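What follows is a short report on a single structure.
Just so it is clear, none of the values below were taken in a lab; they were calculated from the coordinates. The structure displayed is predicted, hence computed values, not measured ones. Here Cβ is always computed from backbone atoms with ideal geometry, including for glycine, and neighbour counts include all displayed protein chains.
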Amino acid sequence: MLELRNVSKHYSGIPAVDNVSFNARPGEVTGYLGPNGSGKTTTLKMITGLIEMTFGQILFQGKPIQDDLIAYKRSMGYVPEEPYLYNHLSGAEYLTMVSQLRNLPPRQTSECIDGLLRMLSLYDDRHASIAGYSKGMRQKILIAAALMHNPELVLLDEPFSGIDPLTVKDLQETIRDLSRSGIGVLITDHNVRETLNVTDRAYIVNHGKIMAQGTPDALSNDAEVRRVYLGDHFRLN
């Protein structure tokens, strides 16, 4: 579905992302994991088309995304790291606004909003002001907004940052449900230990380069990965 081929991004000649290649497949959760400052968000912004590559190719369904960036964005949902929302709106009002901006059918949209709010355990708070939402609730509203148009690919940038452990587990199950429905999910996070549990395949990145890749079991059994990124006593849940 999504393929990066030797993608690099340089700033003043200095590589922030250096010759990165990986795939994110339909029906799978792909992790792109590593410490802060390792190039994860820069990579994600290139995948979304927000910034241009210096070198390389990004393909979706076998075609370079630049060939028809608008059509590509219609097939993709993006949840940024910081949940910037309109605090004076309720959750339902915000999702209605998103549906109108995407020119989605009103009747179908109303049913979709109710379904997403129920799925994300926000239905009882749908008319409450976003100003009173916790960060976890805000993340869920952004996820709902990213799913409004039935995307084939969902990109999540640091979705677990700054939220409590119970909400983390709730979001992890939501992510698993998305992949089970056939959606491809690409997730970045600096907490390699936490996020590896929710992935089908992961790439560990540092200093703009992919340092290791494989299934969660393979990575957790790699002595160097355990020493540098997971800790010697790490075990998958």
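Does the range 217-224 contain at least one residue that is among the polar types (S, T, N, Q), surrounded by fewer than 16 Cβ atoms within 10 Å (Cβ to Cβ) and closer than 27 Å to Val20 by Cα?
Among the residues of the range 217-224, at least one is among the polar types (S, T, N, Q), surrounded by fewer than 16 Cβ atoms within 10 Å (Cβ to Cβ) and closer than 27 Å to Val20 by Cα, which makes the answer yes.
Do the conditions hold for Thr199, that is, is it under 30 Å from Asn103 (Cα atoms), surrounded by 15 or more Cβ atoms within 10 Å (Cβ to Cβ), under 20 Å from the mean Cα position of the chain (by Cα) and polar (S, T, N, Q)?
It is false that Thr199 is under 30 Å from Asn103 (Cα atoms), surrounded by 15 or more Cβ atoms within 10 Å (Cβ to Cβ), under 20 Å from the mean Cα position of the chain (by Cα) and polar (S, T, N, Q).
In the range 160-182, is there at least one residue being under 14 Å from the mean Cα position of the chain (by Cα), closer than 15 Å to Tyr78 by Cα and among the charged types (D, E, K, R)?
No, the conditions are met nowhere in the range 160-182.
Among the residues that make up the range 106-115, is at least one of them within 15 Å of Ala146 (Cα to Cα), buried (at least 16 other Cβ atoms within 10 Å of the Cβ) and small (Gly, Ala, Ser)?
For the range 106-115, residues within 15 Å of Ala146 (Cα to Cα), buried (at least 16 other Cβ atoms within 10 Å of the Cβ) and small (Gly, Ala, Ser): absent.
Being surrounded by fewer than 19 Cβ atoms within 10 Å (Cβ to Cβ) and at positive phi is the filter here; which residues of the range 134-164 pass it?
Passing the criteria: Asn150, Gly162.
All but one of (1) surrounded by 14 or more Cβ atoms within 10 Å (Cβ to Cβ); (2) in contact (Cβ under 8 Å) with a residue 40 or more places away in the chain; (3) out of contact with any Gly (no Cβ under 7 Å at 6 or more places or on another chain) hold for Ala131; state the number of the condition that does not hold.
Ala131 satisfies all of (1) surrounded by 14 or more Cβ atoms within 10 Å (Cβ to Cβ); (2) in contact (Cβ under 8 Å) with a residue 40 or more places away in the chain; (3) out of contact with any Gly (no Cβ under 7 Å at 6 or more places or on another chain) except (1).
Out of all the residues in the range 67-85, is one or more under 15 Å from the mean Cα position of the chain (by Cα), part of a helix (DSSP H, G or I) and either surrounded by 19 or more Cβ atoms within 10 Å (Cβ to Cβ) or of a type outside the set (Phe, Trp, Tyr) (or both)?
Looking for residues that are under 15 Å from the mean Cα position of the chain (by Cα), part of a helix (DSSP H, G or I) and either surrounded by 19 or more Cβ atoms within 10 Å (Cβ to Cβ) or of a type outside the set (Phe, Trp, Tyr) (or both), one finds at least one in the range 67-85, hence yes.
Within the range 86-112, track down each residue that is touching a residue at least 40 places away in the same chain (Cβ under 8 Å) and within 22 Å of Leu153 (Cα to Cα).
Tyr94, Leu95, Val98, Ser99, Arg102, Leu104, listed by residue number.
Can you tell me how many residues in the range 4-21 are without any contact (Cβ under 8 Å) to a residue 60 or more places away in the chain, crowded, with 19+ Cβ neighbours inside 10 Å and closer than 17 Å to Ala202 by Cα?
Result for the range 4-21: 1.
When residues of the range 22-50 are filtered for being in a strand (DSSP E or B) and buried (at least 19 other Cβ atoms within 10 Å of the Cβ), how many remain?
Here the count works out to 7.
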